[in-house]
1. With respect to A:LYS71, is the statement that it is within 26 Å of A:ILE226 (Cα to Cα), under 21 Å from the mean Cα position of the chain (by Cα) and at pLDDT 95 or above true?
2. With the requirement that a residue be among the acidic types (Asp, Glu) and not assigned by TED's automatic domain parsing to the domain that holds A:ILE545, what does segment A:688-726 give you?
3. If you go through segment A:589-596 one residue at a time, do you hit one that is open to solvent by 40 Å² or more (accessible area, probe 1.4 Å), at pLDDT below 95 and farther than 30 Å from A:SER129 by Cβ?
4. Tell me whether segment A:632-639 contains one or more residues that are out of contact with any helix residue (DSSP H, G or I) (no Cβ under 8 Å at 6 or more places or on another chain), β-branched (Val, Ile, Thr), in the same structural domain as A:PRO696 (by TED's automatic domain parsing) and open to solvent by less than 40 Å² (accessible area, probe 1.4 Å).
5. What about A:ALA388, is it more than 16 Å from ligand 2 (Cβ to nearest atom), without any contact (Cβ under 8 Å) to a residue 24 or more places away in the chain and more than 14 Å from every other protein chain (Cβ to nearest Cβ)?
6. Looking at A:LEU86 and the list (1) in contact with a Lys or Arg (Cβ under 6 Å, 6 or more places away or on another chain); (2) over 30 Å from A:VAL532 (Cα atoms), which single condition is not satisfied?
7. Name the one entry in A:LYS250, A:LYS199, A:LYS173, A:LYS232 that is in the same structural domain as A:MET126 (by TED's automatic domain parsing) and open to solvent by 70 Å² or more (accessible area, probe 1.4 Å).
Amino acid sequence: MTIQERISGGQPVSTSRRGFLAIAGGAGVGLMIGFKAGPAEAATEAAKGAALEFNPFVKVSPNGAITVVVKHLDMGQGPTTGLATLIAEEMDADWSQMRTEFAPANANLYANLAFKAQGTGGSTAMANSWEQYRTAGATARAMLVKAAADKWQVAQGEIVVDKGVLTHPSGKKGTYGEFAEAASKLPAPVGSAQQTPFKDPSKFKLIGKEGLHRIDNDSKTDGTAIYTQDVKLPNMLVAVVAHPPKFGGKVKSFDDAEAKKVKGVEKIVQIPQGVAVLAKSTWAAISGRNALKVEWDDAGAESRGSEDFLAMARDAVSKPGTATAKKTGDVDKGFEGAAKVIEAEFTFPYLAHAPMEPLNCVVDLKKDSAHLIYGAQFQSIDQPTVAAITGLKPEQVTIETVWAGGSFGRRAVPTADYVAEAVMIAKAIEGSNPVKLVWTREDDTKGGYYRPFYAHKVKAALDKDGMPVAWLHRIAGQSIFAGTALEAMAVKDGVDETSVEGVSNLAYAVPSLQVELTTLKVGVPVLWWRSVGHTHTAHVVETMIDELAHAAGKDPVEYRMALLKDKPRHLAALKLAAEKAGWGEKLAKGRGRGVAVHESFNSVVAQVVDITIKPDGGVKVDRVVAAAEVGTVINPDVVRAQVEGGVGFGLGAALRNAITLKGGEVQQGNFDTYKPLRISDMPHVEVYTVPSTANPTGIGEPGVPPIAPALANAIFAATGKRIRDLPLGEQKFQSV
Amino acid sequence: MIKLNINGVDRDVDVPEDTPLLWVLRDELGLTGTKFGCGVAQCGACTIHLDGSPMRACQTPVGDVADSKVVTIEGLVAENASKEGKAVQAAWRALDVVQCGYCQSGQMMSAAALLTSNKPNDKDIDAAMNGNVCRCATYQRIRAAIHDAAKRLEA
Ligand code: FES
Ligand code: FES
């Protein structure tokens, strides 16, 4: 691949910087202003100290600041820091000169190379950008060095760059800022990787090193970081929507007399999603919405409840699945000759993402444009959706991404639900004012797009040595992709991979494996939730394998190791976690230790959990020791933070989270009923990484899957009770 | 008109007295560092100091604070800020506490208030900080950063 191809992710682009201009002009009208500037304009821009584009990812200012254009949404996982690190590394820049900005919607330039579309998710941000951003940095560096070499009349190879300062043995010295203007006019180097080679990993000064602080540290600790909730445009109205209490419900009629009396309420409009109250302030909009009287038409609504759904799922796993996701060997034969057969059934509830910042979106709709400002996670879905609603062309829809107060998957939606809602409101008022749609916490909790509920049933056969010979695994639940625009791409032969991932690719060497799926249709929208299918499959596989180890009378770590002989990454993570945790020590009565190891998003994370059964029979999680195999570690502290956060996120859900419906209505609303993990629940978490020189893999999600099963296995160790239904809830335990 | 004292500056606002202080700060005064997370005193994202004590701005009617001194995150870390505010900010940065960052203004406000009393242990921290939710679960670092800030205040 040429450098240009590597930067563009294989998109056909011409081989000069002009090539970028052409693409930018084609799909990102009016956004990539700097790219379209000719040398004359560039000179004036430079005189003003503005940043000069070197390629779609790197700008350098005459004042020396290097701006990295970040193509991924940063909802806390740190890709902003990571991508800036890749550029700084290849440019030999000083960390203090790095700046970042979020990329506009432009899939030609800013596609996620793992998706071939612009979006953030699947823990792909760093993995898909690994070569692309380093290439962009190396290219910019080469151009700056060439400009210096030209000016100094020396060979490029004699120039050394360190911390953004160029030096030549003759004593000549300069900064990137000084050469920014001249360098930005040079053609980008073209050709093979050899012409602008990446740095050899042995020369890394930033990648993999400790002590590099998050680039968003400052603005997020002084109140200046701007989130969607903080955006204010001239004449903007805040919209709060009365949504139907049941999914699929519609407005029958509404009475807005009282709502209109609320000071500050300006407009009230009906949209397909409900009734929107628009006001000059958020509080007026909330008050106006509360004063609305809406009669709902539930004729087409989902009116069943969680008990119905779980009964349906349990029934489904008691029979053969309607689709087969995996079949190796012959499970029936395995059961015939088995020394022992173990069966277990599991259930999992709906889960809400509950990002700290409830959903929101700003839209400024004009006659021939729509400008959106929000934490955009899936531009390639949102942009055409907005275009379809407004009748605009996709390129007339511009998206400005700002910091997102968490997402955990919720901001990337195949239906673009909340973005579409904001645009519907803007359309209903004919773009008379910019609109900021604000969901309250209750709107967010009750708004659907949950992690689907599931039931699993597993039947496993052991041979006379206690090793598994057959594994029949039935899963029933809703499909995330079914019924969406992505169904054709993601559902194959009736199998939505996100329903079975983590089981269909079972890591343990079991000769016969059969995974069956029954996809249930329920009128509650569902979505990926941090680590997607692994949120439930890891729990089943890892508690089941623990149960098999006990049935075989073997140590759970050794048993796993024996079955993971051909999985070096699993082995390395498991060994490291077990070692660091002191696996094998005897614990006092009332304490328990459990382990789990799971691969997701190409990374493997093992966790060892220590718990204590409290005098009241409740569970206290004391410590989690985690080991992650994530390939090359780009920022060790960000990796640790993601595992710490993943542990907390998964733990909160395992302990007490469930969205339940009764008669079609969601029973939880705010944090008093959908109870988040709090600081007093948080265990001490230690995170280790397995040394590796392989390309980096994800870490935004892989810390989540092992925590629930490791906790369940620890509870078993302390109490002899298996945890097969999540969450734990108010259950009390007795130690043995 | 309601007269307020925010971060040492007198401000006049023309809003109904029962408007939560949170929305006055955010929508009327442009002080958006104070966040909206729940609106019902369940998450602490809106924590401010009212005469030095941590309060949930979403449950504080603006009419009740006319005679009080309000400090927000912007005031907590300003040039002439309290030593607790500075120590908390330095510790938060040193330990890279933030992830999405949305809860952190509230976390820092609660932490700074806690640090005006004796050097806290883990139990004190859990008790004082339990009303501040972090969906990114940065809790372990919050604990460590409060200890770090306490050390900075001793030095
Ligand atoms: S917004 Fe005030 S406590 Fe949550
Ligand atoms: S940092 Fe995201 S909620 Fe606390």
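1. Criteria met by A:LYS71.
2. Across segment A:688-726, the qualifying residue is only A:ASP725.
3. At the first step, the residues of segment A:589-596 found to be open to solvent by 40 Å² or more (accessible area, probe 1.4 Å) are A:589, A:591.
Then keep just the ones that are at pLDDT below 95; that gives A:589.
Next, only the ones that are farther than 30 Å from A:SER129 by Cβ stay: A:589.
Scanning segment A:589-596 turns up at least one residue that is open to solvent by 40 Å² or more (accessible area, probe 1.4 Å), at pLDDT below 95 and farther than 30 Å from A:SER129 by Cβ.
4. Quick first cut of segment A:632-639, residues out of contact with any helix residue (DSSP H, G or I) (no Cβ under 8 Å at 6 or more places or on another chain) only: A:636-637, A:639.
Then keep just the ones that are β-branched (Val, Ile, Thr); that gives A:639.
Restricting the remaining residues to those that are in the same structural domain as A:PRO696 (by TED's automatic domain parsing) gives A:639.
Okay, now just the ones that are also open to solvent by less than 40 Å² (accessible area, probe 1.4 Å), so A:639.
Within segment A:632-639 (the criterion being out of contact with any helix residue (DSSP H, G or I) (no Cβ under 8 Å at 6 or more places or on another chain), β-branched (Val, Ile, Thr), in the same structural domain as A:PRO696 (by TED's automatic domain parsing) and open to solvent by less than 40 Å² (accessible area, probe 1.4 Å)), the answer is yes, since at least one residue qualifies.
5. On the way: more than 16 Å from ligand 2 (Cβ to nearest atom): yes; without any contact (Cβ under 8 Å) to a residue 24 or more places away in the chain: yes; more than 14 Å from every other protein chain (Cβ to nearest Cβ): yes.
It is true that A:ALA388 is more than 16 Å from ligand 2 (Cβ to nearest atom), without any contact (Cβ under 8 Å) to a residue 24 or more places away in the chain and more than 14 Å from every other protein chain (Cβ to nearest Cβ).
6. Unmet condition: (2).
7. Details: A:LYS250 fails: in the same structural domain as A:MET126 (by TED's automatic domain parsing); A:LYS199 fails: open to solvent by 70 Å² or more (accessible area, probe 1.4 Å); A:LYS232 fails: in the same structural domain as A:MET126 (by TED's automatic domain parsing).
Answer to the check: A:LYS173.
For every residue, the table says whether it meets (1) under 30 Å from A:GLY700 (Cα atoms); (2) away from ligand 2 (no atom under 16 Å from the Cβ); (3) among the hydrophobic types (A, V, I, L, M, F, W, C); (4) touching a Pro at 6+ places or on another chain (Cβ under 8 Å).
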{"residue": "B:LYS3", "(1), (2), (3), (4)": "no, yes, no, no"}
{"residue": "B:GLY8", "(1), (2), (3), (4)": "no, yes, no, no"}
{"residue": "B:ARG11", "(1), (2), (3), (4)": "no, yes, no, no"}
{"residue": "B:PHE36", "(1), (2), (3), (4)": "yes, no, yes, yes"}
{"residue": "B:THR72", "(1), (2), (3), (4)": "no, yes, no, no"}
{"residue": "B:GLU84", "(1), (2), (3), (4)": "no, yes, no, no"}
{"residue": "B:LEU95", "(1), (2), (3), (4)": "yes, no, yes, no"}
{"residue": "B:CYS100", "(1), (2), (3), (4)": "yes, no, yes, yes"}
{"residue": "B:GLN107", "(1), (2), (3), (4)": "yes, no, no, no"}
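The values are calculated or read from the model by the stated rules, or taken from the named source; none is laboratory data. What you are looking at is a predicted structure, and each value in this text was computed from that prediction instead of being measured. As a convention, Cβ positions derive from the backbone with ideal geometry for all residues, glycine included, and neighbour counts pool all protein chains shown. Quick note on the areas: whole protein, heavy atoms, side chains included, nothing else; ligands and nucleic acids left out. Shrake-Rupley method; radii C 1.70, N 1.55, O 1.52, S 1.80 Å.
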